[in-house]
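No lab work stands behind these numbers, since they all come straight from the coordinates. Just so it is clear, the model here is predicted, and its values are computed rather than measured.
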Amino acid sequence: MSLQHLDPNELIYEVQDFQRSSPENLVCADCKTPDPRWASYNLGCFLCLRCSGIHRSLGTHISKVKSIDLDTWTVEQVQSMLDRGNKICNQYWEAKLPEDFLPPQR
């Protein structure tokens, strides 16, 4: 689907629809808190408020965070989310974790 035809104000709905389309996207990619309202669009993952703050502290050269409710999104940012999501993001970033690793808990 082409996002180019959408009004800039409608792009956020594409991100929200994508979030609802996959069970993995309905929890924070990092700590599994339900209903994350933030996203790292360059990494392609959905985040809770707490984890979004941690991502922001990493710097924008590592993670670029936006609200999936309040911020304005570009076509490129939306496409980055649609290309990934929490499942793909975590498969990549957690691939080398030891089997006994315990993810952060809320």
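What residue among E94, E24, E14 has the largest mean-square fluctuation in a Gaussian network model of the chain, using Cα springs under 10 Å?
Its mean-square fluctuation being the largest, the pick is E94.
Give the lysines reachable from K96 as a straight Cα distance under 21 Å; neighbours fewer than 8 places away on the same chain don't count.
Filter leaves K32, K87.
Which of rounded, prolate or oblate describes the range 36-77 when judged by the alpha-carbon gyration tensor and an a/c cut-off of 1.5?
It is oblate, given that a/c is not under 1.5 and a/b is not larger than b/c.
Using modelled backbone amide H atoms (1.01 Å from N, in-plane), which distant-in-sequence or interchain residues come within less than 5 Å of I68's amide H?
W38, A39
Under the rule of at least 5 residues apart or a separate chain, name every residue whose amide H is placed under 5 Å from the amide H of W73.
For W73, whose amide H was placed from the backbone, the distant partners under 5 Å are I12.
Through the Karplus equation 6.51 cos²θ - 1.76 cosθ + 1.60, θ set to phi - 60°, convert the phi angles of the range 85-98 into ³J(HN,Hα) values in whole Hz; use x for Gly and Pro.
Ordered by residue, 3J(HN,Hα) equals x, 4, 4, 5, 4, 6, 4, 6, 6, 9, 4, 9, 5, x Hz.
In sequence order, what are the phi-derived ³J(HN,Hα) couplings for the range 33-41 according to the Karplus relation 6.51 cos²θ - 1.76 cosθ + 1.60 with θ = phi - 60°, rounded to whole Hz, with x for glycine and proline?
5, x, 6, x, 10, 10, 8, 9, 6
Near the amide H of D30, under 5 Å away, which other amide H atoms are found, from residues 5 or more places off or on another chain, if H is placed in the peptide plane?
Distant-sequence amide H within range of D30: C48.
Just to check I understand the Karplus step: with θ = phi - 60° and J = 6.51 cos²θ - 1.76 cosθ + 1.60, what whole-Hz values come out for the range 48-59, glycine and proline as x?
6, 4, 4, 5, 5, x, 5, 4, 4, 5, 5, x
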